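Remarks on the structure that follows.
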Amino acid sequence: SQLLTSFTSSLYIAGLISSFLASPVTGAFGRKPSILIGGAAFLAGSALGGAAVNVYMLILGRVLLGVGVGFASQVCTIVIFAV
């Protein structure tokens, strides 16, 4: 099913796109705001996924989880290479 395929890949695609968007945010505002944005997106995605009543809400929650993962992985990569 295309709907279930989009459910599965939504986290990875959102993580990929948001990691590219997180780089200018981290460069302009620093690591702390980027981590807060990623954490807030991950928290919102978790809450939305837990409260989902249909598959579209579940996909949106997975997209928010992907944004959180993308921001967090980009910030962690900067921290590792900066040290």
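Every number in this text was worked out from the coordinates using simple rules, so none of it is lab data. If you're wondering where the values come from, they're calculated on a predicted model, not measured in any experiment. We place every Cβ from the backbone using ideal geometry, glycine too, and count neighbours over all the protein chains shown.
At q = 0.14, 0.21, 0.24, 0.26 Å⁻¹, work out log10 I(q)/I(0) for the chain with the Debye formula, treating every Cα as an identical point scatterer and leaving solvent out; two decimals please.
-0.46, -0.85, -1.01, -1.11
Counting only C-alpha contacts under 8 Å and six or more residues apart, can you give the relative contact order of segment 2-81 as a whole percent?
45
List, in order, the whole-Hz ³J(HN,Hα) value for each residue of segment 40-45 obtained from phi through the Karplus relation with A = 6.51, B = -1.76, C = 1.60 and θ = phi - 60°; use x for Gly and Pro.
5, 5, 5, 5, 5, x
What are the ³J(HN,Hα) values, in whole Hz, obtained from phi via the Karplus relation 6.51 cos²θ - 1.76 cosθ + 1.60 with θ = phi - 60°, for each residue of segment 15-32 in sequence order, with x given for Gly and Pro?
Using θ = phi - 60°, the values come out as x, 5, 5, 6, 5, 6, 6, 6, 4, x, 5, 5, x, 7, 10, x, 6, 4 Hz.
Which value in nm describes the separation of the simple spin-label points at residue 40 and residue 7, placed 7 Å from the Cα toward the beta carbon?
Modelled inter-label distance: 2.9 nm.
Once phi is turned into ³J(HN,Hα) by the Karplus curve 6.51 cos²θ - 1.76 cosθ + 1.60 with θ = phi - 60°, what whole-Hz value does each residue of segment 5-13 show in order, with x for glycine and proline?
Each residue of segment 5-13 in turn: 5, 5, 4, 5, 8, 4, 5, 5, 5 Hz.
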